[in-house]
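The values are calculated or read from the model by the stated rules, or taken from the named source; none is laboratory data. It should be emphasised that the depicted structure is a prediction, and the values quoted were computed from it without experimental measurement. When we count neighbours, we look across all protein chains shown, and the Cβ atoms used for this are built from the backbone with ideal geometry, even at glycine. Keep in mind that these areas ignore ligands, DNA and RNA; they rest on the heavy atoms of the full protein, side chains included. Shrake-Rupley method; radii C 1.70, N 1.55, O 1.52, S 1.80 Å.
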Amino acid sequence: SPAPAAPAAAPAPAAAALPSIAPFLATGDVAAGAKTAKTQCAVCHSFAKDGKNGVGPHLWDVMTRGHAELANFNYSPALKAKKGPWTYDDLNEWLYKPAQYAPGTRMAFAGIRKEQDRANVILYLRSLSDNPPPLPGAAAAPAAAPAPAKN
């Protein structure tokens, strides 16, 4: 009886319990994200505009392209199965635990546990573009912030 309960309880709630990254993006720090990315991601990825692919694809403009979209990189079938452009929520889930987001991925990175650290990296990745996508909930986050600031 204890054996079936433990496996069923662990994976499903972990995926469902991941909070929206939007509030963390509102208080994020691009410079902190750059530092984290350069220490944890640069081993396999480049960040330059005309960056070369390494073990992983270059990350310039990752926020404006689709999953597995670079023609000159051999993505895993797990990422090729993901459709549409990368969203903030996709990146949040991917950076939290790549193997959970895309079971069978070749990316061996364990993930970034802290929400604010993930948000910072996402903000840094967003900055790697000539035309960054708008932040999610951009209208809601500033509306909440000024009221307490003025009081």
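Open to solvent by less than 30 Å² (accessible area, probe 1.4 Å), in contact with a Cys (Cβ under 9 Å, 6 or more places away or on another chain) and not hydrophobic (A, V, I, L, M, F, W, C), is that true of G66? Even if it seems obvious, please write down each step before you answer.
Details: open to solvent by less than 30 Å² (accessible area, probe 1.4 Å): yes; in contact with a Cys (Cβ under 9 Å, 6 or more places away or on another chain): no; not hydrophobic (A, V, I, L, M, F, W, C): yes.
In short, no.
Does at least one position in region 92-100 carry a residue that is open to solvent by less than 30 Å² (accessible area, probe 1.4 Å) and without any contact (Cβ under 8 Å) to a residue 24 or more places away in the chain?
Within region 92-100 (the criterion being open to solvent by less than 30 Å² (accessible area, probe 1.4 Å) and without any contact (Cβ under 8 Å) to a residue 24 or more places away in the chain), the answer is yes, since at least one residue qualifies.
Are any residues in region 48-60 farther than 17 Å from F109 by Cα and either of a type in the set (F, W, Y) or buried (at least 17 other Cβ atoms within 10 Å of the Cβ) (or both), and if so, which ones?
Here is the first cut: in region 48-60, the residues farther than 17 Å from F109 by Cα are 48-52, 60.
Scanning region 48-60 gives a single hit, W60.
What residue, of L70, L95, is among the aliphatic types (A, V, I, L, M) and at pLDDT 95 or above?
Details: L70 fails: at pLDDT 95 or above.
Exactly one residue qualifies, and that residue is L95.
Which condition number does A110 fail, the rest of (1) open to solvent by 40 Å² or more (accessible area, probe 1.4 Å); (2) within 16 Å of C44 (Cα to Cα); (3) touching a Phe, Trp or Tyr at 6+ places or on another chain (Cβ under 6 Å) being met?
(3)
Against the conditions (1) closer than 24 Å to E115 by Cα; (2) open to solvent by less than 30 Å² (accessible area, probe 1.4 Å); (3) not hydrophobic (A, V, I, L, M, F, W, C), where does S76 fall short? Just the number, please.
All conditions pass for S76, except number (1).
Considering only residues that are among the small types (G, A, S) and touching a residue at least 24 places away in the same chain (Cβ under 8 Å), look in region 16-30 and name the one that is surrounded by the fewest Cβ atoms within 10 Å (Cβ to Cβ). Write out each step before concluding.
First, the residues of region 16-30 that are among the small types (G, A, S): 16-17, 20, 22, 26, 28.
This time we only want the ones that are touching a residue at least 24 places away in the same chain (Cβ under 8 Å), so: 20, 22, 26, 28.
Numbers: S20: 13, A22: 17, A26: 18, G28: 23.
By that ranking, first place goes to S20.
Condition first: surrounded by 15 or more Cβ atoms within 10 Å (Cβ to Cβ) and of a type in the set (S, T, N, Q). Now tell me which residues in region 31-47 satisfy that.
Hits for region 31-47 are T36, Q40, S46.
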